[in-house]
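J.: Okay, handing you the structure first.
The values are calculated or read from the model by the stated rules, or taken from the named source; none is laboratory data. Every value quoted in this text rests on a predicted model; they were computed, and no experiment measured them. No Cβ is skipped: glycine too gets one built from the backbone with ideal geometry, and neighbour counts run over all protein chains shown. To get the accessible areas, we keep the full protein, side chains included, count just its heavy atoms, and leave off ligands, DNA and RNA. Shrake-Rupley method; radii C 1.70, N 1.55, O 1.52, S 1.80 Å.
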Amino acid sequence: MQETTGLSQQPGLIQYINPKQGYRIDRPSSWEQTSKAGADVLFADPAKKSTTIGVTVSPIKIAGLEQFGDVQTVREKLMNTEKQKESTKDVTLVQESSRKGKSGTLIYDIEYELDSTRGRKRILSSVGIAQKKLFIVNGNLKCDASGCTDSDGRDIAVLRQVASTFDII
C-alpha cells in the first residue's frame, strides 16, 4: 500500500492509493488511519471517532456493476438488507447517483439515513466493480436522536467530498 500526499485536487485532502487492490481515495489531512475487520483501509475523524470512511474489496464473479443492476436496483438491495437487520427501525434514502471514474469504471453513490436501536446515522456508500473485485466505500456519521441536522452539515459535506474522490484505477 502506498499513501501519497499533495496530489489531491481537493484542498485539505490527502490522496491515498492502494496499487495492489487498484483504487484511490482522498481523505481529510487531519483524519487518522485506523483498522477494522474486513476493511482494506479505514479513516476516522479524531474529533468524532464515530465519523469514519473506509474501503472494502472482495472478489466477485461478475465483471461489471452493470451486470448487477442500475443504481435504483443496487439501492433497493442495499436498503432491503439494512431493513432486514433486527436492530433497524427505519431506512430513508437521501440521494443516489451514478458516475464514471477516470478509468471509465461505473460507480454508484448512495446516501441514506439509518435509524436503529443503536441510534441514528448517515451512511454514504459508493460501489464499483472492476477486475472481478467489488469495491465498497462506506462513510458513517453518527447523528443525534432527531436525525441528521444542519449542525451535522459540515461533516456530511466532508463525507460526500471524500466519497466523490473514490476511483478504481
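J.: Would you confirm whether or not region 97-115 contains a residue that is under 20 Å from residue 37 (Cβ atoms) and in contact with a Gly (Cβ under 6 Å, 6 or more places away or on another chain)?
T.: no
J.: Report every pair of residues separated by at least 6 positions or lying on different chains whose Cβ atoms are under 9 Å apart, first residue within region 48-70 and farther than 18 Å from residue 125 by Cβ and free of Cβ contacts under 8 Å to residues at least 60 places away in the same chain, second of a type in the set (Lys, Arg) and surrounded by 11 or more Cβ atoms within 10 Å (Cβ to Cβ).
T.: Listed pairs, sorted by first residue: none to list.
J.: May I pose another question? Keeping to region 98-134, report how many residues are within 20 Å of residue 76 (Cβ to Cβ), out of contact with any helix residue (DSSP H, G or I) (no Cβ under 7 Å at 6 or more places or on another chain) and not charged (D, E, K, R).
T.: The number of residues fulfilling the criteria is 4.
J.: Restricting region 95-126 to residues that are over 13 Å from the mean Cα position of the chain (by Cα) and of a type in the set (D, E, K, R), which is most open to solvent (accessible area, probe 1.4 Å)?
T.: Result: 118.
J.: OK, next. Test residue 76 against the stated conditions and say whether it is out of contact with any Pro (no Cβ under 7 Å at 6 or more places or on another chain) and without any contact (Cβ under 8 Å) to a residue 12 or more places away in the chain.
T.: yes
J.: Right, another one. State all residues of region 32-64 that are basic (Lys, Arg) and part of a loop (DSSP other than H, G, I, E, B); if no residue qualifies, say none.
T.: Result: 36, 61.
J.: Which condition number in (1) surrounded by 18 or more Cβ atoms within 10 Å (Cβ to Cβ); (2) assigned to a helix (DSSP H, G or I) is the one that residue 67 fails?
T.: Status for residue 67: all satisfied but (1).
J.: Looking only at region 42-64, which residues are farther than 21 Å from residue 105 by Cα and either more than 13 Å from the chain's Cα centre (by Cα) or open to solvent by 50 Å² or more (accessible area, probe 1.4 Å) (or both)?
T.: Of everything in region 42-64, those that are farther than 21 Å from residue 105 by Cα and either more than 13 Å from the chain's Cα centre (by Cα) or open to solvent by 50 Å² or more (accessible area, probe 1.4 Å) (or both) turn out to be 45, 46, 47, 48, 49, 50.
J.: Find the residue count for region 141-167, including only residues that are at pLDDT below 95, in a strand (DSSP E or B) and open to solvent by less than 30 Å² (accessible area, probe 1.4 Å).
T.: Residues meeting the conditions: 3.
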